[in-house]
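Engineer: Structure in structure tokens, see below.
The values are calculated or read from the model by the stated rules, or taken from the named source; none is laboratory data. No experiment lies behind these values; they were computed from the predicted model shown. Every residue, glycine as well, gets a Cβ built from its backbone with ideal geometry; the counts of neighbours run over all protein chains shown. Just so you know, the surface numbers come from the protein's heavy atoms only, side chains and all, with ligands and any DNA or RNA stripped out. Shrake-Rupley method; radii C 1.70, N 1.55, O 1.52, S 1.80 Å.
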Amino acid sequence: MSSPSGSHKLPVREGRDLLQPRPLTVRRGVNPYAPGSAHLTLGRTEILATVTLEDKPAPHMRGKKEGWLTAEYAMLPRATHDRTPRERGLQNGRRHEIQRLLGRALRASMDLRPFKNQTIYVDCDVLVADGGTRVASILAAHAALHDFCDRLVKGGTLSEWPLLHSVGAISVGYVGAELRVDLDYAEDSTARADLNIVATDAGLIIEAQGGAEDGPLTVPEYIALLNAGTEAVQGVLRELGRQLT
């Protein structure tokens with residue numbers, strides 16, 4: 001989200017309807033060293049997600065004999081129009097916020113009981129950013145976890161499928177008076193309100209993150225964002241599932 005839309009000419013959406021997400025493509029198994037990986041594009045935004053399984057518990061899970069999943073997010077220096085310096089030392093607030101969102105979303109989708117005393121790391125790296133990097137990262141991470149779980153089940157390491165839900169995300173917002181789904185950078189930078197909706201393929205909401213920039217929203221406006229976003233996530237997950245099978 002950024003500055004109010006009143007001072008900007010509203011971006012024209014070409015090639016798709018207001019409630020239509022950008023084209024999505026995904027390839028899994030793209031990293032030969034990771035036990036699960038996926039490369040995902042959502043419009044011009046590109047994400048590489050990899051999964052690593054470590055045979056030791058996360059520090060806060062020691063002694064509990066339970067598994068844990070954690071996520072990390074980073075953006076390559078030339079993922080954006082101008083070069084963004086690589087982070088040194090302490091991570092910035094935006095990155096930390098996105099990592100926590102990723103972790104919550106992915107843990108809500110997975111049965112971690114088979115991974116006792118183990119930690120699953122999901123790394124999401126933004127290769128190209130054109131809006132929606134956090135929602136595209138959730139989709140890429142889910143695809144990488146699908147790849148990871150598929151290998152474990154087919155290899156006999158796991159007897160049951162550990163993914164409880166297909167989980168995805170999409171951005172939705174008001175650009176001027178128009179409710180639009182899956183905002184690109186130009187739309188996001190002029191939106192008067194936007195949300196990132198994280199939901200399952202069954203339409204269950206995991207998280208709604210965001211709010212108004214240019215004056216408050218009415219309850220019906222907010223509910224319209226939730227409904228449009230949740231429906232869009234289900235459509236995106238259907239397409240993602242089609243490409244993963």
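Engineer: Can you tell me which residues in region 23-51 are out of contact with any Gly (no Cβ under 9 Å at 6 or more places or on another chain), within 25 Å of Leu183 (Cα to Cα) and of a type in the set (S, T, N, Q)?
Structural biologist: Thr25, Thr41
Engineer: Sticking with this one: Give me the residue from region 199-219 that is charged (D, E, K, R) and closer than 24 Å to Leu10 by Cβ and, out of that set, nearest to the chain's Cα centre (by Cα).
Structural biologist: Looking at the filtered set, the residue picked out is Glu213.
Engineer: Can you tell me which residue within region 223-245, out of those that are free of Cβ contacts under 8 Å to residues at least 12 places away in the same chain and in a helix (DSSP H, G or I), is surrounded by the most Cβ atoms within 10 Å (Cβ to Cβ)?
Structural biologist: Only one residue tops the list, namely Asn227.
Engineer: With open to solvent by less than 20 Å² (accessible area, probe 1.4 Å) and in contact with a Leu (Cβ under 6 Å, 6 or more places away or on another chain) as the only criterion, which of Ala193, Ala199 stands out?
Structural biologist: Ala193
Engineer: For residues that are of a type in the set (Asp, Glu) and open to solvent by 40 Å² or more (accessible area, probe 1.4 Å), tally how many sit in region 149-171.
Structural biologist: 1
Engineer: Give the residues of region 172-191 that are among the small types (Gly, Ala, Ser) and assigned to a loop (DSSP other than H, G, I, E, B), sorted by residue number.
Structural biologist: Correct list: Gly176, Ala177, Ser189, Ala191.
Engineer: Can you tell me which residue among Ala140, Ala74 is in contact (Cβ under 8 Å) with a residue 60 or more places away in the chain and out of contact with any Pro (no Cβ under 9 Å at 6 or more places or on another chain)? Before you say what the answer is, go through the steps one by one.
Structural biologist: Details: Ala74 fails: in contact (Cβ under 8 Å) with a residue 60 or more places away in the chain.
After applying the criteria, what remains is Ala140.
Engineer: Then there's this: May I ask you to say which residue of Thr84, Thr25, Thr52, Thr80 is at pLDDT below 95 and either touching a Cys at 6+ places or on another chain (Cβ under 7 Å) or open to solvent by 50 Å² or more (accessible area, probe 1.4 Å) (or both)?
Structural biologist: Thr84
Engineer: Would you point out which residue out of Ala199, Ala208, Ala141, Ala169 is assigned to a helix (DSSP H, G or I) and aliphatic (A, V, I, L, M)?
Structural biologist: Numbers: Ala199 fails: assigned to a helix (DSSP H, G or I); Ala208 fails: assigned to a helix (DSSP H, G or I); Ala169 fails: assigned to a helix (DSSP H, G or I).
Being assigned to a helix (DSSP H, G or I) and aliphatic (A, V, I, L, M) holds for just one of Ala199, Ala208, Ala141, Ala169, which is Ala141.
Engineer: Out of the residues in region 55-77 that are under 15 Å from the mean Cα position of the chain (by Cα) and open to solvent by 50 Å² or more (accessible area, probe 1.4 Å), state the one that is farthest from Glu97 (Cα to Cα).
Structural biologist: Looking at residues that are under 15 Å from the mean Cα position of the chain (by Cα) and open to solvent by 50 Å² or more (accessible area, probe 1.4 Å), I get Met75.
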